[in-house]
Structures are given as structure tokens and as C-alpha cells.
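The values are calculated or read from the model by the stated rules, or taken from the named source; none is laboratory data. Given the structure is predicted, the values throughout are model-derived calculations rather than measurements. Every residue, glycine as well, gets a Cβ built from its backbone with ideal geometry; the counts of neighbours run over all protein chains shown. Quick note on the areas: whole protein, heavy atoms, side chains included, nothing else; ligands and nucleic acids left out. Shrake-Rupley method; radii C 1.70, N 1.55, O 1.52, S 1.80 Å.
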Amino acid sequence: MDAKTVNILAIESSCDETSAAIIQDGKVLSNLIATQKVHEQYGGVVPEMASRAHMQKIVPVVDVALQQSGIAKTDIHAVAFTQAPGLIGSLLVGACFAKAYAQALNVPLIAVHHMQAHVLAHFIDDPKPEFPFLCLTVSGGHTQVVLCKNHLEMEVLGETIDDAAGEAFDKVAKMLGLPYPGGPLVDKHAAQGDPKRFSFPVSQMEGYDFSFSGIKTAVLYFLQAEKKKDPEFVEKNINDICASVQYTIIKMLMLKLKKAAADINIKHIGIAGGVSANSGLRKTLLEAGAENGWQVYIPKFEYCTDNAAMIGITGYYKFLNGEFADLSVSPTARAAWS
Ligand code: KG4
Ligand code: ZN
């Protein structure tokens, strides 16, 4: 093996995906994701069950990631793990595993911020964004407009003051009787619906901040009123309801992204996080790119939702920069990062 080769084992366990990846010199050799199905029946992630499922899955997931990568355990040069933010019990499983593994192999440990990793998912494949670029990071727990100055220097320009965009998708889906996580299902129904059929309020926040609690309440009251008139309203109109809600959420996201891009005069624009898998958002971003002369970057579908490859790629840049953690590092449920 080349003396300069850097192999990183990465672990992601912040929520309900147990994931392990092997990254060699910034390239993904393997990326295993075990999705916890146990939460579907509860309409959301049950933290206790998530931690338990991580404990059951982490060893086999790491083993398969290693097998698929073709490298030996002894060829790992560092172990990267998600340190924050996330469900504390879930984070603890990944952190304890990573510490033990690093200690057993006598290699350094790298603590990674999950939201920074979502942004750096852009650096897994080509074309990679040019700096500075602007990233709309939209997940189940966060909604942020991030100014990326280099791989490790980022500034959060604005974020949601209440619900995240993914949460809004999931909560509306729940109101419509769709299983968790509802975002992808809303997306599917929306593709066959009329986005202008129903109108919902667009929140007007200062600067680059977002608010998604208003649309959630508006949809709730709207459905209550319509169901009084026709108990089968949801069944008959689910495609149009999903299309209209999705249209409104995308409108709110794009408003702030466009404002930031214009104010800072940046033409390199990316989206990241689970909601960036949304087909409507991807299409709208491409259209806005063509309109505004932006160079648009969208990570591959499997790198949008939670995955260890993005933790590994972040770990790789931290490795190059000598940013290591010691064994006293502990996970935190919430953590600012810029
Ligand atoms: O980034 P992620 O996998 O986990 C967190 O860090 O939160 O994001 C999960 C979120 C969920 O709210 C899920 O419903 C949403 O991403 N999501 C989508 C789509 N795929 C995933 N939302 C809308 N449309 C999609 N296609
Ligand atoms: Zn995430």
C-alpha cells in the first residue's frame, strides 16, 4: 500500500440509521446503511429503541463495510464518528464503539459534526463545489443556509427558529395518515398532484431564518375543517394536498437561498441533508440555477440522507488538518458548529 494512503473507518449513529463507511484518500470504498424499521409503526423515531437497534447493528454493519472495502482492519488509519447533534442514546453507541475501535487499533479518533458532514457530502463525488459556495442544508432536525469558505470553515447564515423542513414534511404526512418517515411519501404523492390547488401561508422571517411551525398548524386546521365537510377529503385529495404543501415548503426554502445568494453574490449553490432528496426541491433548484446563472450542486441520492460516507469524508479533511479528538470526547445532543 502507498505510504501516503489514508484509510478512515467512519461511523454514523445520530438518529435511526446505523451506518459505517470506509474512505480511502477521500474516496468511498464502502458505505453501509442499516435503516431501523422498528420506528415505522410508532409514527416517529423512538429514542430508546433507536439506541438498542444501533447496539444490535453496529458490529455487523462495520464488519460488512470492511469486507466490502477490501481493506484489512489493520490498514485503518483513523476512526471518525458523529459526535453531535442527534439523539444522545444513539450518539453514545457510535461514540463508544468508535473510541473502543480506535483504542484497540491504536489509531486516532476524529469527532465529526453531523451538519458539517451533510455539507461535505458534496465532496464525495465530482463535480465538487468551488469555494466559496452556499449550501442549503435541510434535514429532519435542521434547516440552515451555510456559507462554506473551505472544507472546514463554514458559517451558518440563517436557520429555522422552530421546526425543520423535514419535520414539517413528516408532521404533515402523519396528519395525512402516511407512515414515518413521511417526507419521501409526500414527495411521491406530490409528483401526481396540483401544487396550486390549495394555498398555505409562507412565513416571513428576518434575514435568512426560517419558520415551519406555521404551515404545520395551517395544514392541521385546514384538514380539520375540510374533513368536517367531507370525511373522505384526505383520501380524495391526497396528491393535491401533498403537492401544495411541498410547493409551499420549497418556496420558503428557495426565498432565503435566493436572498443569500444575491446578497453575498455567490453563484455556486448546493443542497444537502435528507430533504435534498426531494424531487420537487431538486427540480426547483435546477430551474433557479438556470434563471440566476448558478452552478448547482446536488449530492447523489444515497449521500443526501444520513450515511457514514459523509462522516468519513469530513473525517478525511480533519485528518489532513490534524484535527483529532482524545478519548475523553463525549457526544452532545445539540451543538453549534460555526
Ligand atoms: O438528513 P436526514 O436523513 O436525517 C437527519 O439528519 O434528520 O433527513 C431525514 C429527513 C426526514 O424528515 C425525511 O422525511 C426527509 O429527510 N426526507 C424527505 C425526502 N427524503 C427524506 N423529505 C421530502 N422529500 C423526500 N424525498
Ligand atoms: Zn442528517
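Using the per-residue mean of other Cβ atoms lying within 10 Å as a proxy for protection, in what order, highest first, do the peptides 119-128, 84-93 fall?
Highest mean packing first, the order is 84-93, 119-128.
In a shell of Cβ-Cβ distance under 15 Å around residue 313, excluding residue 313 itself, what net charge do Lys and Arg (+1) and Asp and Glu (-1) give? Spell out each step's value before the answer.
On the way: positive: 27, 128, 300, 318; negative: 12, 25, 125, 126, 302, 306, 323.
Around residue 313, the surrounding residues sum to -3.
Roughly speaking, what is the centre-to-centre gap between segment 92-120 and segment 244-306 when only Cα atoms are used, to the nearest Å?
Taking the Cα centre of segment 244-306 as reference, the centre of segment 92-120 is 30 Å away.
Could you tally the net charge around residue 157, taking each other residue with its Cβ under 11 Å from the Cβ of residue 157, Lys/Arg +1 and Asp/Glu -1?
Within the 11 Å Cβ shell, the charges total -2.
Given the -39500 (n - 2.57) contribution per DSSP H run of 4+ residues, what per-residue ellipticity at 222 nm results for the chain, rounded to the nearest 500 deg cm²/dmol?
-14000 deg cm²/dmol, from helical runs alone.
Cα atoms only: what Rg and Dmax, in Å, come out for segment 167-260?
13.2, 43
How big is the dipole moment of the chain about its Cα centre under a simple scheme where the beta carbon of each Lys and Arg is +1, that of each Asp and Glu is -1, and everything else is neutral? Debye, nearest 20, please.
Roughly 380 debye, rounded to the nearest 20.
Find how much the distance from residue 25 to residue 286 grows on full extension, using 0.36 nm per residue of separation minus their present alpha carbon separation; answer in nm with one decimal.
Roughly 90.9 nm would be gained on extension.
Report relative contact order for the chain in percent, whole number only (criteria: Cα-Cα under 8 Å, sequence separation at least 6).
Averaging sequence separation for qualifying contacts and normalising by length gives 25 percent for the chain.
Given a 1.4 angstrom probe, I'd like the percentage of the accessible area of the chain that is carbon and sulfur, rounded to a whole number.
Its accessible area is 52 percent carbon and sulfur atoms.
For a test of the definition: using alpha carbon positions, the gyration tensor, and the 1.5 limit on a/c, classify segment 1-146 as rounded, prolate or oblate.
oblate
Pick out which of 314, 284, 143 has the largest mean-square fluctuation in a Gaussian network model of the chain, springs linking Cα atoms closer than 10 Å.
Most flexible of the set in this elastic network: 284.
Can you tally the net charge around residue 208? Count Lys and Arg as +1, Asp and Glu as -1, for every other residue whose Cβ sits under 12 Å from the Cβ of residue 208.
-2
How many nm is it between the label spots at residue 77 and residue 96, if each spot is 7 Å from the Cα in line with the beta carbon?
Placing both labels 7 Å beyond Cα along the Cβ direction yields 3.1 nm.
Could you work out the equivalent-ellipsoid semi-axes for the chain, taking the square root of 5 times each eigenvalue of the Cα gyration tensor, largest first, in whole Å?
Here the semi-axes work out to 35, 23, 16 Å.
Could you provide, to the nearest whole Å², the per residue accessible area of segment 289-338 with probe 1.4 Å?
It amounts to 50 Å² per residue over segment 289-338.
Using 0.36 nm per residue, how much length does the chain from residue 206 to residue 64 gain when fully extended, once their Cα-Cα distance is taken away? Provide the component values of the computation, followed by the final result.
Values: separation 142, 0.36 × 142 = 51.12 nm, distance 4.71 nm.
So the chain would gain 46.4 nm between residue 206 and residue 64.
Give me the percent relative contact order of segment 231-338, please, defined on Cα pairs under 8 angstrom at least 6 residues apart.
On the way: 53 pairs, mean separation 23.4, N = 108.
It comes to 22 percent, rounded to a whole number.
Give, in nm to one decimal, the length gained when the segment between residue 251 and residue 235 is fully stretched (0.36 nm per residue of separation minus the Cα-Cα distance).
3.2 nm
Whats the longest run of the chain with zero GluC sites (Glu not before Pro) that are DSSP loop and have at most 16 other Cβ atoms within 10 Å?
Formally, the longest exposed-site-free interval is 1-129.
Can you compute 3J(HN,Hα) from phi for each residue in segment 274-287, using the Karplus curve 6.51 cos²θ - 1.76 cosθ + 1.60 with θ = phi - 60°, rounded to whole Hz and x for Gly and Pro?
x, 6, 6, 6, 5, 5, x, 5, 4, 5, 4, 5, 5, 5
Is segment 127-298 best put as rounded, prolate or oblate by its Cα gyration tensor, with a ≥ b ≥ c the root eigenvalues, rounded for a/c under 1.5, and otherwise prolate when a/b is larger than b/c, oblate when not? It would help to have the intermediate numbers written out before the result.
Numbers: a/c = 2.24, a/b = 2.00, b/c = 1.12.
Taking the square roots of the gyration eigenvalues as a ≥ b ≥ c, segment 127-298 is prolate.
Do you know the relative contact order of segment 127-298, to the nearest whole percent, from alpha carbon pairs under 8 angstrom that are 6+ apart?
28
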